[in-house]
Amino acid sequence: MPVPVLKQGSVLIASIQAALSDRDLVELRDDLADRVGRHRSRGVVIDVTALDVLDSFATRTIRSIAYTAKLRGAETVVVGIQPEVAFAMVQLGLSLDGIETALDLEEGMALLQAREAERVG
Amino acid sequence: MSDSVVVPIERETDIVCARQKGRALAAAAGFLSTDQTLLATAISEVARNIVSYAGKGTVTLQTVQEGGRRGLSIVASDNGPGIENVELAMRDGYSTGKSLGLGLPGAKRLMDSFALESVVGVGTKVTMTKWLR
Ligand SMILES: Nc1ncnc2c1ncn2[C@@H]1O[C@H](COP(=O)(O)OP(=O)(O)OP(=O)(O)O)[C@@H](O)[C@H]1O
Ligand SMILES: [Mg+2]
């Protein structure tokens, strides 16, 4: 099941579903890299609220999405990591070093707006 | 000993299936939601290793009882190439797959007991258990 991506102004919002397969994530990475260029997006929000597990593969791919988007000129914010998922990630030894995170979509959008204001202003 | 489920692991979509079955079984056994997530994450790691390194195998999930305590045992087994140096494979950051090298040592941290047996040319078996709190 492909990850739906929504365009809201200069931001792309990807809402990840619960039963995310490895292939869906890799396709999302390629799709986002392409769309960031096409829509000249300044920000990407990856919403993982519905995701019940963030394992090593998912974390590595989300990191690579963020780095790819960055090279294409867009900031990425990961939003909605559930407390239990965060706890499991810490025990597993995973981190999202160097990647912005926010509690929910609203905060993520606010963070991107603040970044954009900094950049322009 | 009851409620045993064998999940064949042959392609990457089976990883999601295994962790969903694991979560359901953990919930039925009375595990707290947090522990269900820890279990699902550990299952995801060992199942992915099967897909990545052995091609195919099985994940067997079973509720276990021992001396008055209850738990969930997970056995991931394959007839793949095996692991040459098991000690090295258990080290954080060691990967032959250009990955993070956190799957096995991480799964060990998520569970209460963890054993890795592997014979080169024969296969690999990970046995791990988490007990109800
Ligand atoms: N079922 C298996 N069969 C053969 N080799 C395996 C198997 N599972 C793990 N290995 C070997 O052990 C190494 C360490 O595994 P581990 O899961 O810890 O890290 P990884 O898979 O390389 O990276 P990550 O899980 O963080 O994405 C692997 O790189 C691989 O060489
Ligand atoms: Mg692994």
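Values in this text are rule-based calculations from the coordinates and carry no lab data. Treat the numbers as computed from the prediction; the structure is a model and nothing was measured. Positions of Cβ are generated from backbone atoms using ideal geometry, with glycine treated the same way; all protein chains shown enter the neighbour counts.
The table for this structure:
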item	result
Neighbourhood charge, 11 Å Cβ-Cβ cut-off, centred on residue B:19 and excluding it, Lys, Arg +1 and Asp, Glu -1	-1
Fraction of antiparallel bridges per DSSP, segment A:5-120 only, in percent to nearest 5	25
For the protein assembly as shown, convex hull volume per residue from C-alpha positions, Å³	120
Loop sites in segment A:1-45: trypsin sites (Lys or Arg not before Pro), DSSP, at most 11 other Cβ within 10 Å	A:40
Stretchable slack from residue A:5 to residue A:40, in nm (0.36 nm times residue separation minus alpha-carbon distance)	11.1 nm
Spatial separation of Cα centroids for segment A:72-93 and segment A:39-53, in angstrom	11
Percentage relative contact order, segment A:54-121, counting C-alpha pairs under 8 Å, at least six apart	34
Of A:70/B:21; A:7/B:21; A:7/A:70; A:7/B:108, those spanning more than 29 Å from alpha-carbon to alpha-carbon	A:70/B:21; A:7/B:21; A:7/B:108
Table column - 3J(HN,Hα) (Hz), segment A:21-36, Karplus curve with 6.51, -1.76, 1.60, x for Gly and Pro	8, 4, 5, 4, 5, 5, 5, 4, 4, 5, 4, 5, 4, 5, 5, 4
Beta bridges by DSSP in the protein assembly as shown, antiparallel share as percent, to the nearest 5	75
In Hz, Karplus ³J(HN,Hα) per residue of segment B:3-10 (6.51, -1.76, 1.60; θ = phi - 60°; x = Gly, Pro)	6, 9, 10, 9, 10, x, 10, 10
Long-range amide H partners of residue A:78 with built H, under 5 Å	A:46, A:100, A:101, A:102
Hz values of 3J(HN,Hα) by residue in segment A:96-111 - Karplus curve (6.51, -1.76, 1.60), Gly and Pro given as x	10, 3, x, 10, 5, 10, 8, 4, 8, 4, 4, 5, x, 5, 4, 5
